[in-house]
């Protein structure tokens, strides 16, 4: 796997490979532990669930566990001491028996030396071939050869098919841990060769524990802000990190406080998008609003009254996206969207 790279935007102190703790996934951990202790560990696991809930944290945790000598593995937990050699190796991206397949960094061109490094849009076939070559080599200590794909959703057609070949005929004592956000979009042939471990969103208290356990500065906020972010994220600590301090999240939280959206309320909330906010704030607001309207539409549909909200969902989604694409007035778009939503809520 790639070593620490200060130019990699993913290389933060709270990266899953540096995380010694796992909250809220005791059942998933127990299944992996039991499979390992059985002596019949399947060679490919698909860890699926919503983004940011801890799938990669569990994958790295299991990889550390398998990378230990047999006599050092505990029988009651996958936890590995933070002071151990294996932990420090993986934390630095330097364990010789663990390969992480992920999007590569884009090479800088002449004159771009001062610009931040960017990531490629997908996992290329050459990167997948590097993982395959890694699997073909003999383990440095006779232990497991482990490939973490994070996430498998970012494979393109060529890299997915290249990886499929080695998953179909894996080398001895090798294991693939595939982190997946949307298993329905993954190649059926890859899914069929994996044991599927579906992970659930955390409860609010576990989400807050994760946030409070991150390195200083990662989730710097008071308790009320942490709880609000945890609730809005719906049990995804990774998502909650994006929401802490976001004006978009704060604007959406205002909607949840109101019993109805009056014209003056819509104008007040829309004023948060007068052009001074960061683009990410608008995107966060849009994502939260559209998800919430979709949920309301589903609930109304179960009562036989979902048509108005379903139509409003499509109208609002289209309007918000068009505003971003054409650089239209975000404040007016949000105001209009909230009034459209209020009409649909009354009709439902």
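The C-alpha atoms of the chain define a longest principal axis, and helix 330-347 lies at about 80 degrees to it. Averaging 1/r over each pair of different alpha-carbon atoms in region 1-150 and inverting the result gives 16.6 Å, the Kirkwood hydrodynamic radius. Relative to the longest principal axis of the Cα atoms of the chain, the long axis of helix 26-37 makes an angle of roughly 20 degrees.
A Stokes-Einstein calculation at 37 °C with viscosity 0.692 mPa s, built on the Kirkwood radius of region 300-348 over Cα pairs, returns a diffusion coefficient of 293 µm²/s. Among 77, 207, a tally of other beta-carbon atoms within 10 Å of each Cβ gives an order, fewest to most, of 77, 207.
Considering helices alone, the calculated mean residue ellipticity of the chain at 222 nm is -15000 deg cm²/dmol, with DSSP H runs of length four and up weighted by -39500 (n - 2.57) and normalised per residue.
Look at 65, 60 and count the other Cβ atoms within 10 Å of each Cβ; fewest to most, that gives 65, 60. Sorted largest first, the principal axis extents computed over the alpha-carbon atoms of the chain equal 68, 53, 41 Å. Taking the chain as the reference, fit the longest principal axis to its C-alpha atoms, fit the long axis of helix 307-326 to the helix C-alpha atoms, and give the angle between the two in degrees, 0 to 90, nearest 10. Approximately 80 degrees, to the nearest ten. The mean sequence distance of close C-alpha pairs (under 8 Å, at least 6 residues apart), as a share of the length of region 28-179, puts its relative contact order at 30 percent.
Panel values: region 212-348, Kirkwood radius from alpha carbon pairs, Stokes-Einstein at 4 °C and 1.567 mPa s, translational diffusion coefficient 83 µm²/s. For the pair residue 73 and residue 315 in one chain, pulling the backbone fully straight at 0.36 nm per residue adds 81.6 nm over the alpha carbon distance. Arranged from fewest to most other beta-carbon atoms within 10 Å of their beta carbon, 134, 283 become 283, 134.
Taken together, the values in this text are just the output of simple stated rules run on the coordinates, not laboratory data. What you are looking at is a predicted structure, and each value in this text was computed from that prediction instead of being measured. Cβ sites come from the backbone with ideal geometry, for glycine too, and all protein chains shown count toward neighbours.
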